[in-house]
Amino acid sequence: MHHSEIRNSSTVFTTLETGSGDPVLFLHGFPDNHKTFSPIMETIGKKGFQCIAPVMRGYEASTISHANKLHVVDLVNDILGWMEDRRFDSVHLVGHNWGAIIAYAAGMYYPNRIKSITSLGVPLLKTFQDSFLWAPLQTIHSWYVALFQIPYIAELTIRSNQFALVDFLWKDWSPGFTPNQDHLAEIKANFQNPGILSSALAYYRNLNDLFTESGRESIVGIFDTHVTVPTQVLYGLNDGCFHKNLFEHLLDETDFPRGFRKIGFDHAGHFLHWEKREEVTKLILEWLEKNK
């Protein structure tokens, strides 16, 4: 495993990399960092795949962007830029949390460039139209989204009591799991850097942006389309971030016409790649091999 850089035009992103072969991009979410995938990448990198985990846009000083540059379509364009930088014709995507949302969108917009998608802990967001029927508790689970919409207040709340909300979200989203404290300390330390936390929150704040072209394009892409890329969705049945019914009842294989499978894990929550690491790694590797 080594540190390196990857570019989208003039913007430089820090990465972790290991292995060689078919390229696989690992996309992290919130509140997290790119090191969340390190153990999985170590295993998969030994099996004929080049594993690359970039620090997502806005999570380091060199990539802090104006909020209007942090829509889903902009984040998908980062993937295309990284591919151009490394001269990859196509890649596999593995995404957790926001990384999964971005992976879905990449499969929607550029299916010919994406070989496969593995989503960890996130359903298609279009399922939210029916969530009141199948998962009424999802409204309660999503309380943090409303908080994150409030500038300054959200930042102050997250920073208070030594970033106690970061600890709370990990424990609430993965009940019964004890997170790695060194990993959480790195996440909190990064959010102390100027501009990082606000950039990370802009992902949420742009979810309902109807005033910019990229915002409208992102909304349409997230809520009203199909993923025409082979896709597997792995999820925890005890997920405190997304109710299990969003996966069990609302994920439909017709939304994934090029191939689909979903697998739920007992006694696991949102951070299932930590909680069920060996099983998740095995399933990712199977999907990569199947869709080489």
*Taking square-rooted eigenvalues a ≥ b ≥ c of the alpha carbon gyration tensor, is the stretch 213-292 rounded, prolate or oblate, where a/c under 1.5 means rounded and, failing that, a/b exceeding b/c means prolate?*
oblate
_Over the chain, with a Gaussian network built from C-alpha contacts below 10 Å, which listed residue (G99, G21, G81) shows the highest mean-square fluctuation?_
G21
_Which of rounded, prolate or oblate describes the stretch 161-212 when judged by the alpha-carbon gyration tensor and an a/c cut-off of 1.5?_
oblate
_Relative packing of peptides 104-116, 276-288 - highest average C-beta neighbours within 10 Å first_ = 104-116, 276-288
*What's the center-to-center distance, using Cα atoms, between the stretch 257-291 and the stretch 17-71 in Å?*
17
*Carbon and sulfur atoms: what percent of the 1.4 Å accessible area of the chain do they account for?*
52
*When you have a sec, figure out the Kirkwood radius of the chain from all distinct Cα pair distances and drop it here in Å to one decimal?*
18.9
_Using a Gaussian network model on the chain with a 10 Å cutoff between Cα atoms, which of N206, N77, N193 fluctuates the most?_
N193
*Give me the number: length gained by fully extending K290 to K47, i.e. 0.36 nm times residue separation minus the C-alpha to C-alpha distance, one decimal in nm.*
86.2 nm
_Heavy atoms of F49: accessible area, 1.4 Å probe, square angstrom to 10_ = 0
_Could you report the chain's accessible area per residue, 1.4 Å probe, as an integer in Å²?_
42
*asked:* Run the helix sum for the chain: -39,500 (n - 2.57) per DSSP H stretch of 4+ residues, divided by residue count, reported at 222 nm to the nearest 500 deg cm²/dmol.
replied: -12500 deg cm²/dmol
*Quick one: if you stick a label point 7 Å off each Cα along the C-beta vector at T254 and S9, how many nm between them?*
4.0
*Give the ranking of D239, D167 by solvent-accessible surface, highest area first, calculated with a 1.4 Å probe.*
D167, D239
*Provide the solvent-accessible area of I6, counting protein heavy atoms only and rolling a 1.4 Å probe, rounded to the nearest 10 Å².*
0
*So, with +1 on the Cβ of K and R and -1 on the Cβ of D and E, and no other charges, what is the size of the charge dipole of the stretch 2-291 about its Cα centre, to the nearest 20 debye?*
200
*Might you report the magnitude of the Cβ-based charge dipole of the stretch 221-292 about its Cα centre, with Lys and Arg at +1 and Asp and Glu at -1, to the nearest 20 debye?*
240
*Name the shape class, rounded, prolate or oblate, that the alpha-carbon gyration tensor gives for the stretch 1-60, where a ≥ b ≥ c are the square roots of its eigenvalues, rounded holds for a/c under 1.5, and otherwise prolate holds if a/b is larger than b/c and oblate otherwise.*
oblate
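The values are calculated or read from the model by the stated rules, or taken from the named source; none is laboratory data. Computed from a predicted model, the values in this text were never measured in an experiment. Neighbour counts are summed over all protein chains in view; Cβ atoms, including those assigned to glycine, are modelled from backbone coordinates with ideal geometry. Calculation scope for accessible area: heavy atoms of the full protein, side chains included, ligands and nucleic acids excluded. Shrake-Rupley method; radii C 1.70, N 1.55, O 1.52, S 1.80 Å.
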